[in-house]
Every structure is written in C-alpha cells, then in structure tokens.
Amino acid sequence: MNLRLSEIATAINGELRNFSGDVLVKNFSINSKNIEKDTLFIPLKGSRFDGHDFIKEALQNGAISFISQKDFDDLKVPYVKVEDTLLALQSLACYVRRKLNHLKVVGVTGSVGKTSTKEYIFNVLSLRYKAFKNQGNFNNHIGLPISILNMPEDTQVAVFEMGMSNFGEISKLSQIAKPDIGVITNIGIAHIENLKSRYNIFLAKSEIQDGMPESGILIINNDNDILNLHKKELKRKVVTIGIENESNFRAQNVQRHQNGFSFEVGGYTYFIESFNFHDIYNSLFAIAVGTILGVDRELIKEAIRQKERLKRRFEVIKKGSITIVDDTYNASTHSMLSAIDSICEFDGKKILVLGDMLELGEFSEEEHKKVGRYILQKPIDVVICTGKDAFYIFDEVKKKDGTKAYFVTKDECLDVLKREVTSNSTILFKASRGIKLDEVVDEFLKER
C-alpha cells in the first residue's frame, strides 16, 4: 500500500516532526531488521523490549521514516509522533481497509483448522482473483494489521486467519479487517482456561460478526455440536457445511484412497490429497466460499486437490518402510482425536508419541483422560506420553491389554522409539507447540 507520510499522520491523528517535504511510504515493518525500500518502521513496546530502542537500527537498514511515542527530533528524519504506536498501527490498518472498498475479505476463526482452512480458501480464490492471505502466525492484533498494510493495492480478495485467547480479541480483528464472509471452523476447548466454557468460546468466536456488514455471510461447521445448537443466535446469514448433518454444502459418499479422500458435494465429485479426515471439513469451507464468490466449480476442484501440505500439521514423512506423521504444530482434544482416527487407517504397527495439550486450565486432567479413554477403543500398539498432564493419557492407556504404554521425559522418547519402531511402523507425534515435541521429531529423523 502506497501512502504519503502526511496522509499517514492524518489517518492516525499523529503529529509530523522534522517535516520539510512529503515522502512516499510503500512498505511497513515492526521489525528493524526486516526493512525494504521505502519502509515505515513502527516500533512497538512489549513486556520484554521496546521497539523504540531499534529506531536508529531501522533507519540504518533503510527505513524512510517511523512512527514514535517518544521524541527523536535529533535524528533529522521526518517521523510521526503519536501517543500509542500499537493503536496507531491498528488505526492505520482500519484506514487502509476503508480505502480498499472494492476488496472482498474472508475472515477465518475457530478452535481447530484455521490455518488449513485459510490455505484451502486461498487456493480456491487464487484461481479467479488476485488473492492475498496473512502469513504464518500473523493472525493477532499486531500481525493482522501489518498484513493489511503490506497487502498489494491490486488485491481483489483477502483471506485473514483470526486467532484469539479471550473475549474482545476477535471483535477487534473483525472491526479492522471488516470481513464480508466469516468462517467459524468449530468450537472446541482451546483457550477454555480463560473462557471457562465452550459456550463462552462460541460467543468469543462469534465476535467475527462485529465488523461484518449486515449483508455478510457466516459459514459454520454444522457437525460441530455447539455451532449446530446455537446457530440461531448468530446475527448474520448462516451457510452450513458438514458431513454427518444436513448442510448447505454436505460431503457425501466419502471414500478413503491410498493418497487422500474423495467425496461428493451437490452432485460434483472432489478429491483432496490428505491423510487427515478433518481436511474434508477444511476443504468444504473453501468449496462454500468459492461458490459464493463465483469461482468455477472445475477450478474449485483443482484448487482443493493441489493444496500445499503445511509443515508440522499432519505432515506425512516417509523413511523407508517407516511413516512419520509430524502433527506437532499444536494440539487440542478435538485435533488429537481426529489425528488418532487418521493414524488408525494406516497399515502396520501404530505408535503414538503424545505430549501435553496446553491452556486447558481446570479441564486439563479430564481432557487428557478423554484422549486416553479414546485410545482404548482404537487399534494402537504403542503409546509414549511426555509432559506433566500427558500422564493422564498414560494412566488410562496402561489399562489396555495389548497396548504398550510409556510415560517418559521428552529426552527419553527417542530411546523408547529405538526399541519399539520396526519396519512398517507409523508414528504420530502430537502435542501443543509449547511442549516442543518437534525437536524429538527432528532428532528422530536425523537418526533414520
């Protein structure tokens, strides 16, 4: 987005300092080391650092100007003085979003599957429109605004993932991005430590409506019990996707193949290259969004088939006769059970390496036990548990005859795997990101 510094100052109610002539800003950064040509540096004050300490570094790296809460008149560089740089960042993103009144925005939130759903939707829309998406973890009150500012001006459709951990956060993001279409993938128990109940999580996710126009469309997973039960409370037009329940976009005749799933929606047959059953739901959202925004059905079919597999999100890695499934990006009860279901469809010896699911608060013991009890019903050969609350998974699994159960430190996981992995084994690694089970995956792969 190209903006004059004077226009930026007006948009964020800031004061121009050291201003002798206008400059054109073409890029925006909150990282002093990530500076491209004609970049405006926006320093943010955090709990452990203050971005203002890196303003000089940003200028040395090529920043054309900056916004600041502090005085830097001695630098002899034009800048904009504001009371709060974070609020200025968000206000500027709101201003840019209003300027791009031709832009269609899809907002994606939910307890599980946000990133995969975003990727499916982006793939579909990219085949007809000039499309944009926020990258990686740029899905919060800082990442989403900076994504909007760096979005190409000729973007026709943007897909924004929106994350949260408490009330008010999705509302803020929605009011910045102003989605025309909102997607709620499901309501699980992620962040229940803060929100106390799944209904409260539903209310927090429903805040995606707050920035939507009255004509906006909300697409929800009709198979999710909470969304199904409370969908009449939503304030925008509701479109449903599902497999089990009657829905506007319902996958039927689901068939598992060696390299993915086929299914029918509205008389058309689709195929996804994925080993994860839950990706059917993620792709259904893309089919719905694409249909609403007028993407040709054949293009939709091609787009969801070719979606790039995301690293550490049910990433399947082959090492000779051994299959490693790296699903260590994150974990919740819902995604844990879904991953276990998918592993059960693999041939050969089945081994689970499971770590803690975080941010469950007082519900943590019961949710981990629920995973353990679920495993009791499945044809799993070995379960290796690591982490404080993963003990409760182990405590349930050890009751099952024929399944070996281990409760070990993270460093000991490799020793157990060396003993248990045989040819034609499939190993699922899954835990919340904070457990860093990805380190065990990397070490295991080094040794194969």
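The values are calculated or read from the model by the stated rules, or taken from the named source; none is laboratory data. Keep in mind it's a predicted model, so treat the numbers as computed, not measured. Using ideal geometry, Cβ is built from the backbone for each residue, glycine included, and neighbour counts are taken over all protein chains shown. In case anyone asks, the SASA skips ligands and DNA or RNA and just uses the protein heavy atoms, side chains included. Shrake-Rupley method; radii C 1.70, N 1.55, O 1.52, S 1.80 Å.
Some points to look at:
- Against the empirical curve 2.2 N^0.38 Å, the C-alpha radius of gyration of segment 121-206 lands at a ratio of 1.16.
- Surface composition of the chain: carbon and sulfur make up 45 percent of the accessible area, probe 1.4 Å.
- The chain, relative contact order in percent, only Cα pairs under 8 angstrom and at least six apart counted: 11
- Across q = 0.23, 0.25 Å⁻¹, segment 254-319 modelled as identical point scatterers on its alpha-carbon atoms has Debye log10 I(q)/I(0) values of -1.01, -1.16, in the order of the q list.
- Structure-derived percent of Cα pairs over 40 Å apart - corresponding label in (1) 26; (2) 41; (3) 15: (1)
- Taking every DSSP bridge with both residues inside segment 3-83, close to 45 percent are antiparallel.
- Mean-position separation - Cα centroids, segment 354-405 and segment 322-336, in angstrom: 14
- Residues whose amide H falls under 5 Å from that of Ala405, counting only those 5 or more places apart or on a different chain, are Val383, with hydrogens built in the peptide plane.
- The chain, dipole about Cα centre (Lys/Arg Cβ +1, Asp/Glu Cβ -1), debye to the nearest 20: 580
- Per-residue HN-Hα couplings for segment 219-235 [Karplus 6.51, -1.76, 1.60; θ = phi - 60°; Hz; x = Gly/Pro]: 9, 10, 7, 6, 7, 6, 4, 5, 5, 5, 5, 10, 4, 5, 7, 6, 9
- Take the chain with all the other protein chains still there, run a 1.4 Å probe, and you get 43 Å² of accessible area per residue.
- Extreme residue, positive dipole direction of the chain, given options Gly113, Thr328, Phe72 (C-beta unit charges): Gly113
- Computed over segment 1-141, relative contact order equals 20 percent, with contacts defined as Cα pairs under 8 Å that lie 6+ residues apart.
- Residues whose amide H lies under 5 Å from that of Lys350, counting only those 5 or more places away or on a different chain, are Asp381, Val382, Thr426; hydrogens are built 1.01 Å from N in the peptide plane.
- Those aspartates and glutamates that a straight Cα-Cα span of less than 20 Å connects to Lys446, excepting residues fewer than 8 apart in one chain: Glu315, Asp326, Asp327, Asp411, Glu412, Asp415, Glu420, Asp438
- For segment 192-254, the Cβ-based charge dipole about the Cα centre amounts to some 120 debye (Lys, Arg positive; Asp, Glu negative; other atoms uncharged).
- The DSSP beta bridges internal to the chain are antiparallel in roughly 30% of cases.
- Mean ellipticity per residue at 222 nm, deg cm²/dmol - from DSSP H runs of n ≥ 4 across the chain, formula -39500 (n - 2.57): -9500 deg cm²/dmol
- Taking a ≥ b ≥ c as the square roots of the Cα gyration tensor eigenvalues, segment 100-305 comes out oblate, since a/c reaches at least 1.5 and a/b does not exceed b/c.
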